[in-house]
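The values are calculated or read from the model by the stated rules, or taken from the named source; none is laboratory data. In this text, all values refer to a predicted model and were calculated from it rather than measured experimentally. Here the Cβ is made from the backbone with ideal geometry for all residues, glycine too, and neighbour counts use every protein chain on show.
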Amino acid sequence: MRMKKISLVVVLILAGFVTNDVVVHADDHKHEDKKQEKYKKYKDYKDDDDDDDDENYYYDDEEEGETYYFQDAVSAKGTWNIWTRTVAADKEVLPFTSSQKVTFKVEGTNKELSFFIIPKDGEFFVPGKAVAQALGAKATFYKASKILNIQHQKNELIYRAGTNVVYDNNVKAPSPAQAFYVNEELYVPISTITNGLGYIAEWQESNQTFVCQPITN
């Protein structure tokens, strides 16, 4: 009789361990699912007047100020105006290397704007929201989280300051350099925003102008 009681206690203890293990595993799985939401929000985007309302976003594991490595996406050479969705081991020399005010034109339209462009880390950085709007996209910037969401027809790009990650139509892609926040603007590599919206930028030295034209297949 005593042996039966001991056996029953052992069974109950083992059952407790198994149950706890199942609960922990389920919680971990739920946590991973939430992380995979990336920067997607769970309700409609707010208007620009609600830029500080960042509660619409879940976050992935990217932390501001860190570099993320894409081991399966490395190319030998990088070009400042072509986004290959890879990390370049070597980059071409930029046409100029000091920050300066330039003109940005969209070919075939009357859209033109002037802004300071910042050469950094072998890339040209441009104010993402302003350039996106010049290309006909809707751009919403969330100041508290420093996240920029861009939508144009079926294309969507999501950037976050301090990361080299771009969510391109919900696909996590490497950016050639980290986006950064300065003067109340999120600056992003010109190749990612123009190519991501179906354009390519060319530099015209003679009139200090970037001319943006649609990419033709």
I'm told GLN178 meets every condition in (1) at pLDDT 95 or above; (2) assigned to a loop (DSSP other than H, G, I, E, B); (3) surrounded by fewer than 19 Cβ atoms within 10 Å (Cβ to Cβ) except one. Can you identify the failing condition by its number? (3)
Every residue in the range 144-175 that is part of a loop (DSSP other than H, G, I, E, B) and under 26 Å from GLU92 (Cβ atoms), please. ALA161, GLY162, THR163, ASN164, SER175
Report the residue count in the range 181-207 for those that are over 17 Å from the mean Cα position of the chain (by Cα) and surrounded by 14 or more Cβ atoms within 10 Å (Cβ to Cβ). 4
Taking PHE115 as meeting all but one of (1) part of a loop (DSSP other than H, G, I, E, B); (2) over 20 Å from ALA173 (Cβ atoms), write down the number of the exception. (1)
Return yes or no: is GLY122 assigned by TED's automatic domain parsing to the domain that holds VAL93, touching a strand residue (DSSP E or B) at 6+ places or on another chain (Cβ under 7 Å) and closer than 18 Å to THR79 by Cα? yes
Inside the range 129-143, can you point out the residues that are buried (at least 18 other Cβ atoms within 10 Å of the Cβ) and not in a loop (DSSP other than H, G, I, E, B)? LYS129, VAL131, ALA132, ALA134, ALA139, THR140, PHE141, TYR142
